[in-house]
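Notes for the one structure printed next.
Just so you know, all these numbers are worked out from the coordinates, no wet-lab data involved. Predicted model, so just to flag it, every value in this text is computed and none were measured. Here the Cβ positions follow ideal geometry from the backbone for every residue, glycine too, while neighbour counts run over all protein chains shown.
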Ligand SMILES: *Cc1c(COP(=O)(O)O)cnc(C)c1O
């Protein structure tokens, strides 16, 4: 069975797991005089994460959801308006900060342009006509199919947002996929935003964890919110050690995932009913299956019976995600299975 449901399926290798055995540990829920926790492995990970993103400070979180929701609640109070894209993960999938019983933030939606990047005019219009407290962006944009916001657009977003004194939070769950695809560094992308979260548990291949990076005083406030949410952890170095291993060893290999993705998409372009929603930029292929006359769920079921596990993606689409452990051969095999379904239906 080839499993392309998500890049969260990566499994830690032996060396990554071995890093846990030698990791120095402490109580990360107790803060020292500098406001950092007492677990040395978590501190080292936070320091390196801050360095890599070019931010002053960082805070380790158990998930990307916790990092994003902590950021939203650190910036905003109930009834504040937040500019988001309707399909971005922190709104569409996470919900808590916008929930009427919990965070009570008010979403104001902005559109993506034809390149799946935040539409500048739409955002400008919203920033000047309403009282907005925060702008949220997602790079890469998961439900658009792993599409990137390029440096020029990042810089434009910074300019218009900061002209209205509105800070920017970036959900960079796949920040390093974006940096690899854009041939730039994570720090160059993050220079244009106030805060960023990225995931260790996606393409970087660690089992658990995310990190929230931003200004020192802001991260100190975020630590209080994380605690409220139950996110204070104790010997969290057992999670931080594999994440550190991932930062040191697995960033440079993301390019390989992107090549496998492009290879598979190229084979799929020979299908007659299968249409690529867009040509893939990173590690995700989004396939429009509306001509099959079935639901994405039914399509996934058919694929699974032939040995390929995938999931519904954007409306009318199914999604293939490539990650560490998925080989070039798997990519070819996945395309073969999908083209077989295509042929059976179209003949
Ligand atoms: C996976 C994901 C998250 C959340 O990460 P979890 O660790 O699963 O909570 C946030 N944003 C995006 C874009 C993601 O893909």
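Of 153, 253, 101, which has the largest mean-square fluctuation in a 10 Å C-alpha GNM of the chain?
Per the Cα network of the chain with a 10 Å cutoff, 101 tops the list.
FRET efficiency for residue 1 and residue 115, Cβ-Cβ distance as r, R0 = 45 Å, nearest 0.05?
Numbers: r = 34 Å, r/R0 = 0.77.
My answer for the efficiency is 0.85.
Contour minus end-to-end for residue 152 and residue 216, with contour as 0.36 nm per residue of separation and end-to-end as the Cα-Cα distance? Display every interim value, and only then the final one.
Numbers: separation 64, 0.36 × 64 = 23.04 nm, distance 2.66 nm.
Working it through step by step, the gained length comes to 20.4 nm.
Tell me the angle of helix 296-305 to the major Cα principal axis of the chain, expressed in degrees between 0 and 90 and rounded to the nearest ten.
The answer is roughly 70 degrees.
Where is the GNM fluctuation largest for the chain (alpha-carbon springs, 10 angstrom cutoff): 235, 114, 88?
114
Using only Cα atoms, find the angle between the long axis of helix 120-129 and the longest principal axis of the chain, and express it within 0 to 90 degrees, rounded to the nearest 10.
40 degrees
Compute the length gained on full extension between residue 104 and residue 291: take 0.36 nm times their separation in residues and subtract their Cα-Cα distance, giving the result in nm to one decimal.
Numbers: separation 187, 0.36 × 187 = 67.32 nm, distance 3.97 nm.
Answer, rounded to one decimal: 63.3 nm.
Under 19 Å from a point 7 Å along the Cα-to-Cβ line of residue 336: which residues of segment 292-320 have their amide N that close?
Zone members listed by number: 302-310.
If you average the alpha carbon positions of segment 309-330 and of segment 106-170, how far apart do those two centres end up, in angstrom?
Using only Cα atoms to place each centre, the spacing works out to 27 Å.
How many nm is it between the label spots at residue 47 and residue 346, if each spot is 7 Å from the Cα in line with the beta carbon?
Simple spin-label model gives 5.7 nm for this pair.
Would you compute, from DSSP H runs of 4+ residues alone, the mean residue ellipticity of the chain at 222 nm, taking -39500 (n - 2.57) per run and dividing by the full residue count, rounded to the nearest 500? Mind showing how you got there, number by number?
On the way: 12 runs with 139 residues, N = 347.
Value at 222 nm, helices only: -12500 deg cm²/dmol.
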